[in-house]
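Novice: Encoded as structure tokens, here's the structure I'll be asking about.
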Amino acid sequence: MQEKIQIFDTTLRDGEQVPGCQLCTSEKIEIALSLEEMGVDVIESGFPISSPGDFKSVQEIAKTLQRATICALSRAKKEDIDCAAEALKPAKNKRIHLGIGASDVHIAKKFFSTREKVLEQAVWAVEYGKTLVEDIEFYAEDAGRADKQFLATMVEAVIKAGATVVNIPDTTGYCLPGGYGDIIKYLYENVKGIDKVTIAVHCHNDLGMATANTLAGIMNGARQVEVTMNGIGERAGNTSLEEIAMILKVHKDLHMDSGLDTTKIFPLSQRIAQLMNMPVQANKAIVGSNAFAHSSGIHQDGFLKHPENYEIINPLDVGIPVSSILLTARSGRAALRHRIENLGFSFDKNQMDGIYDRFLCLADQKRMVEDEDLLELISNR
């Protein structure tokens with residue numbers, strides 16, 4: 001039996017913090033509707049107190065969506081919490097995501113406070129938020145660098161105060177997978193009442209570990225993952241929705257399921273890249289232009305014999321119609337014959353040998369040989 005992993009998408013909040021990627025309200029609504037259609041459980045739609053525009057976007061998304069939980073970010077401050085609750089009023093399913101720093105560096109250097117005062121503020125914020133919205137998620141900011149014993153104390157306190165979800169963020173992308181998994185495991189072993197809430201993981205990619213850390217978190221008990229489309233987000237970005245979704249789909253041995261319609265991943269990835277004017281890098285896992293492209297002769301030959309020789313994901317499963325066979329100077333005869341046959345031509349071995357020799361000369365001059373180049377090669381043989 002597959003265990004459900006809650007998908008919390010923060011493309012519209014953490015993702016939109018990328019410089020130059022701000023969206024207007026109508027664009028945010030379009031993305032939110034697509035995320036809901038894909039099956040995302042929770043959509044963090046903004047930080048209402050940050051600007052009138054963000055307040056309006058959260059409010060309009062709250063009016064529009066029917067199934068997904070609409071979440072708004074807040075600091076552990078009364079004005080933030082009030083603003084978030086007001087923006088969320090129209091939502092059928094609503095959540096306030098509030099919190100405060102948990103690491104000593106944040107406590108001392110960001111809040112100029114003490115562990116005791118921060119703990120008191122955390123409890124107050126959850127209790128106050130609970131008077132306005134039933135579903136309260138608490139984030140222990142910079143949990144990845146926090147003292148584990150103090151973090152456990154904080155988590156236990158906010159659970160007692162009424163939090164329904166507790167988020168353990170690796171805010172700075174500092175952790176290694178083993179260490180981050182150990183944090184989640186430690187909390188499950190040392191926090192009273194942890195079985196009454198959902199533990200969430202929110203990982204940043206500063207060291208390229210976001211997806212690995214998120215996986216380590218759920219393998220140690222977390223049941224909500226906080227992700228963004230295309231892995232966008234503050235600094236080096238966040239855990240990619242598409243990576244976690246497909247890891248769970250491919251690795252059935254994990255017995256976990258995102259519940260997403262993964263065939264909608266690629267079209268939405270492309271649309272978000274367009275709206276945010278942030279192209280997806282070609283070698284990006286799952287959604288990059290090279291993710292299902294083959295250019296090496298050895299790989300092409302193996303792929304053409306049986307796709308699973310070199311593809312662990314069917315491109316149709318993520319909404320990509322077909323894999324690509326690219327012709328470069330590294331391509332072999334099998335790929336060349338495949339492309340020529342797709343153009344409607346057929347040649348015997350001797351003819352193909354001559355075409356292949358001319359193809360290699362051309363490929364050494366061009367980075368990519370296109371169909372029009374092949375037609376010219378064939379006509380000049």
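Where a number appears in this text, it was derived from the coordinates with a stated rule and is not lab data. On a predicted model such as this, the values are computed, not experimentally measured, just so you know. As a convention, Cβ positions derive from the backbone with ideal geometry for all residues, glycine included, and neighbour counts pool all protein chains shown.
Novice: So, in Å, what gap is there between the alpha-carbon centers of segment 35-88 and segment 101-178?
Specialist: With segment 35-88 and segment 101-178 each reduced to a Cα centre, they are spaced 20 Å.
Novice: Right, next: List the residues, sorted by chain then number, that are 5 or more residues from ALA293 or on another chain and whose placed amide H is less than 5 Å from its amide H.
Specialist: SER324
Novice: At a Förster distance of 41 Å, what's the computed FRET efficiency of ASP82 paired with ILE312, Cβ-Cβ distance as r, to 0.05?
Specialist: Efficiency, from the Cβ-Cβ distance: 0.25.
Novice: Sort ASP170, ASP206, ASP253 by Cβ crowding within 10 Å, fewest neighbours at the top.
Specialist: Listing ASP170, ASP206, ASP253 from fewest to most nearby Cβ atoms yields ASP253, ASP206, ASP170.
Novice: Next up: Tell me the net charge near GLY99. Cut-off is 13 Å between Cβ atoms, GLY99 excluded, with +1 for each Lys or Arg and -1 for each Asp or Glu.
Specialist: -2
Novice: A further question on this structure: Mind listing the phi-derived Karplus ³J(HN,Hα) values for segment 176-187, rounded to whole Hz, using 6.51, -1.76 and 1.60 with θ = phi - 60°, and x for any glycine or proline?
Specialist: Karplus-based 3J(HN,Hα) across segment 176-187 equals 9, x, x, x, 5, x, 5, 4, 5, 4, 4, 5 Hz.
Novice: Moving to a separate point now. Grab the Cα-Cα distance for SER379 and LYS148, subtract it from 0.36 nm times how many residues apart they are, and report the gain in nm with one decimal.
Specialist: 76.1 nm
Novice: Please identify, among ASN238, ASN230, ASN350, the residue showing maximal mean-square fluctuation in a Gaussian network model of the chain using a 10 angstrom Cα cutoff.
Specialist: Greatest mean-square fluctuation among the candidates belongs to ASN350.
Novice: Using θ = phi - 60° and the Karplus relation 6.51 cos²θ - 1.76 cosθ + 1.60, list the HN-Hα couplings for segment 355-366 in order, rounded to whole Hz, with x at every Gly or Pro.
Specialist: 3J(HN,Hα) across segment 355-366, in whole Hz: 5, 5, 4, 5, 4, 4, 4, 5, 5, 5, 8, 10.
Novice: Only one of the listed values, (1) 17.7; (2) 24.4; (3) 21.1, was derived from the coordinates as mean projected area of the Cα convex hull in nm²; which label is it?
Specialist: Looking at mean projected area of the Cα convex hull in nm² for this model, the match is (3).
Novice: While we're looking at this one, here's another question. GNM on the chain, C-alpha springs below 10 Å: top fluctuator among LEU207, LEU151, LEU260?
Specialist: Of LEU207, LEU151, LEU260, the Gaussian network model singles out LEU207 as fluctuating most.
Novice: Among LYS305, LYS284, LYS92, whose mean-square fluctuation peaks in a Gaussian network model of the chain (Cα, cutoff 10 Å)?
Specialist: LYS305
Novice: Now for a different question. Determine, from the Cβ-Cβ distance of ARG333 and ASN290 and an R0 of 30 Å, the FRET efficiency 1/(1 + (r/R0)^6), rounded to the nearest 0.05.
Specialist: 0.85
Novice: A follow-up question, please. Taking H as built 1.01 Å from N, whose amide H comes closer than 5 Å to the amide H of TYR139, not counting residues under 5 places away?
Specialist: The list, which skips near neighbours in sequence, is LEU98, GLY99, ILE100, ASN167.
Novice: Shifting gears a bit: Suppose only helical runs count, i.e. DSSP H with n ≥ 4. What mean residue ellipticity at 222 nm does that imply for the chain under -39500 (n - 2.57) per run, divided by all residues and rounded to the nearest 500 deg cm²/dmol?
Specialist: Helix-only estimate at 222 nm: -13000 deg cm²/dmol.
Novice: Where Lys and Arg each count +1 and Asp and Glu each count -1, what net charge lies around LEU343 among other residues with Cβ under 12 Å from its Cβ?
Specialist: -4
Novice: Among the listed pairs LYS77/LYS196; LYS78/LYS264; LYS4/LYS284, which are separated by more than 28 Å between their Cα atoms?
Specialist: Cα-Cα > 28 Å for LYS78/LYS264; rest within.
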